[in-house]
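Asker: Shown below is the structure under consideration.
The values are calculated or read from the model by the stated rules, or taken from the named source; none is laboratory data. The model shown is predicted, which means the values in this text are computed figures rather than measured ones. For neighbour counting, all protein chains shown are included, and Cβ atoms are generated from backbone atoms with ideal geometry for every residue, glycine included.
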Amino acid sequence: MATSSLLFSTSLRTLSSYLPKLDRRRQYNPFLSHFRSLTTRPPPRSLSMATANKKVVEVFDTEEELSVSLAKYTAGLSDKFAKERGSFTVVLSGGSLVKSLRKLVEPPYVGSIDWSKWHVFWVDERVVPKDHQDSNYKLAFDAFLSMAPILPGNAYAINEALTAEGAATDYETCLKHLVHIGVIDKSSVSGFPKFDLMLIGMGPDGHVASLFPGHPLLKENQKWVTHITDSPKPPPDRITFTLPVINSSSHIALVVCGAGKAGAVQSAVGNSHNSDVLSPVQMVSPEGELKWFLDKDAASKL
């Protein structure tokens, strides 16, 4: 079924002002001051919006449709970077994001992706054993990695035997080595590592990785990887990429499902400024493309 695409040169504040009134028979034209009825057009399965600042928003009727689109997007970038760079560096978060990657390990993608080029990292991790229920590595392994033929040495887990501070330092050392040998690209703009694709989720409070609203770590601008021992969400000891590393990415896919996150989505996508303090997700602004994958519940307040 066709996807309805809306390209904007105006801000997403304009978008948020009309979306509540948008039904499946109407399409907004930013160059006209009125709505034009499209009664003969079938209802779209997803709504796609783009802005001049490389932010793309796609809304899907179901999480299943979202997962199909996310797999196609990821597979396309895998092919692109594998051919251009000889490697594809992918960063994962925990939470519900991993579930939405399931289509990658199903036909046609599982047999067509060059998995030997994949190098997988974690944007944040809990300092717990790898077989612990709170481990982001375990979550990814059980739902995705165990079914994808990625080379065993190309999934870079933290050393959970260390303290949170030690694990963060060790992980940063690993990243610097991989930048040095050319596995990970380096941003010519920021000097930080430039990952090909970050696949990350978002919490109901707008946190990304283990960067929480109002936390001092949001101001860290020197380290690549840092640690937190007072996470407001258990477990308290974690490592996390810093914002400069996240924002040096070539592509970021923000995958959000559920009505419980609709308020944070509204603030970020709708450019709402109800508070003087930006949430972490509002501070995500990559060098390349930021693409939101939303189900209709997460987008319900747009």
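Asker: Yes or no: region 14-28 includes at least one residue that is of a type in the set (Gly, Ala, Ser), within 22 Å of residue 255 (Cα to Cα) and at pLDDT below 50.
Answerer: yes
Asker: Look at residue 188 and say whether it is at pLDDT 95 or above and over 16 Å from residue 284 (Cα atoms).
Answerer: Here the answer is yes, as residue 188 does meet what is asked.
Asker: Of the residues in region 268-302, how many are in a loop (DSSP other than H, G, I, E, B), modelled with pLDDT under 95 and aliphatic (A, V, I, L, M)?
Answerer: 3
Asker: Please go through region 208-241 and give me each residue that is closer than 28 Å to residue 67 by Cα and free of Cβ contacts under 8 Å to residues at least 40 places away in the same chain, ordered by number.
Answerer: 233, the sole residue that qualifies.
Asker: Which condition breaks for residue 156 when tested against (1) out of contact with any Asp or Glu (no Cβ under 6 Å at 6 or more places or on another chain); (2) surrounded by fewer than 24 Cβ atoms within 10 Å (Cβ to Cβ); (3) within 26 Å of residue 56 (Cβ to Cβ); (4) modelled with pLDDT of 95 or more?
Answerer: Of the numbered conditions (1) out of contact with any Asp or Glu (no Cβ under 6 Å at 6 or more places or on another chain); (2) surrounded by fewer than 24 Cβ atoms within 10 Å (Cβ to Cβ); (3) within 26 Å of residue 56 (Cβ to Cβ); (4) modelled with pLDDT of 95 or more, the odd one out for residue 156 is (3).
Asker: Return a yes/no flag: does region 170-184 have any residue that is among the acidic types (Asp, Glu) and not in a helix (DSSP H, G or I).
Answerer: No, because not a single residue in region 170-184 is among the acidic types (Asp, Glu) and not in a helix (DSSP H, G or I).
Asker: Shifting gears a bit: Pick out, from region 83-147, the strands (runs of 3 or more DSSP E) lying fully within it that include 1 or more residues that are crowded, with 16+ Cβ neighbours inside 10 Å, of a type in the set (Asp, Glu) and touching a helix residue (DSSP H, G or I) at 6+ places or on another chain (Cβ under 8 Å). Working first, answer last.
Answerer: Details: elements: 88-92, 118-122, 124-126.
Filter on region 83-147 gives 124-126.
Asker: For region 194-234, name all the residues that are basic (Lys, Arg), farther than 14 Å from residue 125 by Cα and not in a strand (DSSP E or B). Step through it out loud before you land on a result.
Answerer: Within region 194-234, the subset basic (Lys, Arg) is 194, 219, 223, 233.
Going one step further and asking which of them are farther than 14 Å from residue 125 by Cα, we end up with 194, 219, 223.
Of everything in region 194-234, those that are basic (Lys, Arg), farther than 14 Å from residue 125 by Cα and not in a strand (DSSP E or B) turn out to be 219, 223.
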